[in-house]
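Remarks on the structure that follows.
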Amino acid sequence: MADITLTAAVRSNLSTLQNTSKMIAQTQERLSTGMKVNSALDNPNSFFTSESLNNRASDLSNLQDDIGQGVSTLEAADKGISAISELVDAAKAKANQARQTDDASERATYEKQFNELRTQITDLAKDSGYKGKNLLGGSGNDLEVKFNEDGTSKLDISAVDFTDLENGDLKIGALTESVKGSSASLTVTGATDGSTTLSSLSQFEDTDTLEIDVDGTTSTFTIGADTTVDDLTNFLKDNLAADVSYDGTTGISIEEGYENFSFTYTNNGGGGADGAGVADQSVADATAGTFQTDSSIDAAVDELTKAASSLRAQASTFGTNLSVVENRQDFTTDLVKTLETGAGKLTLADMNKEGANLSALQTQQQLATSTLSLAAQSSQSVLQLIR
């Protein structure tokens, strides 16, 4: 106040005490917040530089979540490929098992099992997605992983289509499954056992012929003087993909088969009518499946081998992508730490230093208070003279 006159000593000590109090308040704020720069007023350059570094660290931290989701999407696709590879190996095993047997019924069973495995492959590919993104699901499932704030650093990962084995990127054709036709029989009434000669029976004569057409392939069986029931049975077994048996009394039974066939019986000896001894001469609606021929099985095995190679190649591609994304994830994590550390260097307080400063300032404050009291005593001495 202008009306109050203070001595120079009092004013000096008062100013020192005020400055000390101000520094104590500042030091206490730093200790309480842990920051040496709490606002732009403390240090504009350090404050705004630190804000810029922290903002970038925050943006990169948000990208870390998206990068992590990209890693999970790639891992889901990789696990899907591994599981599909096992199913392809199982399908190949079924084809090889079919190749090792000539039994049409067994081959038909392997056809069904093969097609079931094929269905499981497509189902598994459809289930290999993560949060709505499936890298094995084809169109619309491409993945973009961004590595920086403006998206200029990124990785584009193309999806493949393993859900359509006919037209997609993984080719495994469906097998035609064998369908059995109706049964048929040849009457050999009068035979006592399989060694009975056909020419000794009333239905058959020497030089008679039995022609069998199996899906367009014709074979002819000629009855001679010594031809037996077993000879005829064996002929039918050799030419039909069906079970053939002789019951020992009434006839030869041909069970349901996997090929269309028909009989043409011709009486050349003149002793009986054409067609004698033949009943239910044709088997209709039979379908020979893919595995009923060795060449078709070999073709299926070749196709599965190519599919396995495609799976390995795609697994390698996704593996490379995964390595890149994980590397960038680690890099971004380290960069965020670097940015936060740099920002901290500009704004964080040294707690040990600030603690020592507060102790020194409190001591200085006490000394200033004492000095101010001594300066004031000089004026009091004048007052004593007046009295």
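See the values below:
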| item | result |
| --- | --- |
| Set A174, A191: member being more than 30 Å from D231 (Cβ to Cβ), modelled with pLDDT of 85 or more and not aromatic (F, W, Y) | A174 |
| Test: R107 is open to solvent by 20 Å² or more (accessible area, probe 1.4 Å) and farther than 27 Å from Q314 by Cβ | no |
| Subset of segment 160-205 [open to solvent by 40 Å² or more (accessible area, probe 1.4 Å), outside any loop (DSSP other than H, G, I, E, B) and in contact (Cβ under 8 Å) with a residue 40 or more places away in the chain] | V179, T187 |
| Qualifying residue in segment 154-173 (condition: farther than 30 Å from E303 by Cβ and more than 25 Å from the chain's Cα centre (by Cα)) | no |
| Selected residue [under 22 Å from A104 (Cβ atoms), open to solvent by less than 30 Å² (accessible area, probe 1.4 Å) and in contact with a helix residue (DSSP H, G or I) (Cβ under 8 Å, 6 or more places away or on another chain)] from V229, V244 | V244 |
| Within segment 210-231, considering residues that are under 20 Å from N260 (Cα atoms) and among the polar types (S, T, N, Q), the one modelled with the lowest pLDDT | T217 |
| Residues satisfying the stated conditions in segment 104-132, i.e. touching a helix residue (DSSP H, G or I) at 6+ places or on another chain (Cβ under 9 Å) and under 25 Å from D238 (Cβ atoms) | A104, E106, R107, A108, T109, Y110, E111 |
| Residue check, D102 part of a loop (DSSP other than H, G, I, E, B) and either closer than 30 Å to V71 by Cβ or without any contact (Cβ under 8 Å) to a residue 60 or more places away in the chain (or both) | yes |
| Residue that is modelled with the lowest pLDDT, among those in segment 328-364 that are assigned to a helix (DSSP H, G or I) and among the charged types (D, E, K, R) | E354 |
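Okay, residues lined up against (1) under 15 Å from the mean Cα position of the chain (by Cα); (2) open to solvent by less than 40 Å² (accessible area, probe 1.4 Å); (3) within 28 Å of E259 (Cβ to Cβ):
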{"site": "K92", "(1), (2), (3)": "no, no, yes"}
{"site": "A95", "(1), (2), (3)": "no, yes, yes"}
{"site": "A125", "(1), (2), (3)": "yes, yes, no"}
{"site": "K131", "(1), (2), (3)": "yes, no, no"}
{"site": "D142", "(1), (2), (3)": "yes, no, no"}
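Residues are listed down the side, and each one gets a yes or a no for (1) closer than 30 Å to D78 by Cβ; (2) at pLDDT 80 or above; (3) open to solvent by less than 60 Å² (accessible area, probe 1.4 Å); (4) out of contact with any helix residue (DSSP H, G or I) (no Cβ under 7 Å at 6 or more places or on another chain):
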{"residue": "T266", "(1), (2), (3), (4)": "no, yes, yes, yes"}
{"residue": "G275", "(1), (2), (3), (4)": "no, no, yes, yes"}
{"residue": "Q281", "(1), (2), (3), (4)": "no, no, no, yes"}
{"residue": "K306", "(1), (2), (3), (4)": "yes, yes, no, yes"}
{"residue": "T317", "(1), (2), (3), (4)": "yes, yes, no, yes"}
{"residue": "N321", "(1), (2), (3), (4)": "yes, yes, yes, no"}
{"residue": "E326", "(1), (2), (3), (4)": "yes, yes, no, no"}
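The values are calculated or read from the model by the stated rules, or taken from the named source; none is laboratory data. Computed from a predicted model, the values in this text were never measured in an experiment. Using ideal geometry, Cβ is built from the backbone for each residue, glycine included, and neighbour counts are taken over all protein chains shown. Surface areas here come from the heavy atoms of the whole protein model, side chains and all, with no ligands, DNA or RNA. Shrake-Rupley method; radii C 1.70, N 1.55, O 1.52, S 1.80 Å.
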